[in-house]
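Beneath this line is the structure, given in structure tokens, with notes to follow.
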Amino acid sequence: MNTQPPDSQFDPNRGQDSQPKAARSPAPPPANTPYSGLTPDTVLDALDTVDFRGDGRLQALNSYENRVYQVWLEDNTSVVTKFYRPGRWSDAAILEEHGFVQELAELEIPVVAPLDANGSTLAVYKDFRFAVYPRRGGRPPELENRETLEWIGRFMGRIHAVGAIRPFAHRPALDIDSFGIEPRDWLLKHRFIPDELLGAWTAAVNLALDGVKRSYERAGDVKLIRLHGDCHSGNVLWSESRDQRGPHFVDFDDCRMGPAIQDLWMLLPSEREHMGTSLADVLAGYEDFFEFDTRELRLIEALRTLRLIHYSAWIARRWDDPAFPAAFPWFNTQRYWQDRILELKEQISLMDEPPLWP
């Protein structure tokens, strides 16, 4: 629901300054304005159908993939409601996400689980699928604090211990094909890369994907478990309240199967000289509840590379949603793609360095 940058280089959750020179016009995908009918009245009427009576006040929260609102109710409390992007997940995949989060909540792991809405956590109104959540306040965690990292690590270890019990049946895995090869091919097919940079970007992305494959080969047959999937600092809220002090984990919308390190690397600083110390602090808490396979350290830069490729395609696929050009005005400029080429070249070098060690 909230997004914050996990590291200081260009990041899938970070904005950039607007650049004046645009890339060539891409071949547009079919027109798609999935939320054009989601008016404030529709939001309130949808909640009314599941017995959450709004008093007329609502506030849009920071989310682009879905639409998320804080809604005040007639009893002067408030809830958060998420309207899912049409066509992204099947009902079964959404309910599997809800089931995973509820499973964690029942074990008193601090996650924000969806509320029951007339017998189900997933409701439908006028073709909009939505869920209702309790409102939880908090601030970004202080990831420079060693105690904070260990605290987060303990709960992440508990999440992964539960995630390892059984696989998802309806949600995908984070792998080279879905996060690297398919996004690369989609960007090329839809002509998002400027002509004068096409050769350089294609060469860089292909070399980067070769590096990802080598990293996976070096790591070997690592175990895939159910993950949060998008565990950057914006999805870990820190509370100081007496009854729930510490971290709580929000927005499992991207949960999927993957290696455990996927939920850990985005909490680390980008400077390599500090990454090992921070990782050691996280693992000091993590391994109280779940054993970490050190072979997965070879995947940190590979997973970062996949995320960067996937992110460009994620924005491009949504470019006909009016919210995206407004939110990401720097995307698809000449400078944007030049920076991505340099970034991929940096990742190629990083993936060939010895793995990080805590």
Yes/no for ARG307 being within 26 Å of LYS82 (Cβ to Cβ), out of contact with any Asp or Glu (no Cβ under 8 Å at 6 or more places or on another chain) and free of Cβ contacts under 8 Å to residues at least 24 places away in the same chain: no
> Does GLU182 satisfy being assigned to a helix (DSSP H, G or I), surrounded by fewer than 14 Cβ atoms within 10 Å (Cβ to Cβ) and either touching a residue at least 12 places away in the same chain (Cβ under 8 Å) or not hydrophobic (A, V, I, L, M, F, W, C) (or both)?
Replying inline: no
The one condition PHE290 fails out of (1) touching a His at 6+ places or on another chain (Cβ under 6 Å); (2) more than 22 Å from GLU150 (Cα to Cα) is (2)
Of the listed residues (LEU198, LEU188), the one being more than 21 Å from the chain's Cα centre (by Cα), on the phi < 0 side of the Ramachandran plot and free of Cβ contacts under 8 Å to residues at least 12 places away in the same chain is LEU198
Looking at PHE252, is it crowded, with 17+ Cβ neighbours inside 10 Å and over 29 Å from LEU122 (Cβ atoms)? no
Do we find a residue being surrounded by fewer than 19 Cβ atoms within 10 Å (Cβ to Cβ) and either modelled with pLDDT of 95 or more or not in a loop (DSSP other than H, G, I, E, B) (or both) anywhere in segment 255-264? no
Taking segment 302-352 and keeping only residues that are assigned to a loop (DSSP other than H, G, I, E, B) and either of a type outside the set (Phe, Trp, Tyr) or crowded, with 21+ Cβ neighbours inside 10 Å (or both), one is left with ARG318, ASP320, ASP321, PRO322, PRO329, PHE331, ASN332, ASP352
Among (1) buried (at least 20 other Cβ atoms within 10 Å of the Cβ); (2) closer than 19 Å to GLY258 by Cβ, LEU187 falls short only on (2)
Among the residues of segment 305-358, the number that are at pLDDT 95 or above, small (Gly, Ala, Ser) and farther than 29 Å from MET275 by Cβ is 1
Taking segment 141-164 and the residues there that are in contact with a strand residue (DSSP E or B) (Cβ under 7 Å, 6 or more places away or on another chain) and of a type outside the set (A, V, I, L, M, F, W, C), the one that is surrounded by the most Cβ atoms within 10 Å (Cβ to Cβ) would be GLY163
Residues in segment 216-234: is at least one more than 27 Å from ARG171 (Cβ to Cβ), under 24 Å from the mean Cα position of the chain (by Cα) and outside any strand (DSSP E or B)? no
Taking segment 59-90 and keeping only residues that are closer than 21 Å to ALA169 by Cα and out of contact with any strand residue (DSSP E or B) (no Cβ under 7 Å at 6 or more places or on another chain), one is left with ARG85, PRO86, GLY87, ARG88, TRP89, SER90
Sole miss for SER36 among (1) among the polar types (S, T, N, Q); (2) surrounded by 19 or more Cβ atoms within 10 Å (Cβ to Cβ); (3) at pLDDT 50 or above is condition (2)
Here the qualifying pairs (Cβ atoms under 6 Å; residues six or more apart or on different chains; first in segment 241-253 and closer than 17 Å to TYR133 by Cα; second of a type in the set (S, T, N, Q)) come out as VAL250/ASN235; ASP251/ASN235
Residue under question is ARG154, and the condition is that it be in a strand (DSSP E or B) and within 23 Å of the chain's Cα centre (by Cα); does it hold? no
In segment 123-147, anything farther than 14 Å from CYS231 by Cβ and in contact with a Phe, Trp or Tyr (Cβ under 8 Å, 6 or more places away or on another chain) is listed as ALA123, VAL124, PHE128, ARG129, PHE130, ALA131, VAL132, GLY138, ARG139, GLU142
>> I'd like to check something: does segment 235-247 contain any residue that is of a type in the set (Asp, Glu), in a loop (DSSP other than H, G, I, E, B) and at pLDDT below 95?
In response: yes
The condition from (1) farther than 26 Å from ASP254 by Cα; (2) polar (S, T, N, Q); (3) within 22 Å of the chain's Cα centre (by Cα) that ASN332 misses is numbered (1)
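The values are calculated or read from the model by the stated rules, or taken from the named source; none is laboratory data. Here the structure is a predicted model, which is why all the values come from computation and not from measurement. Cβ coordinates were reconstructed from backbone atoms using ideal geometry, including for glycine residues, and neighbour counts include every protein chain displayed.
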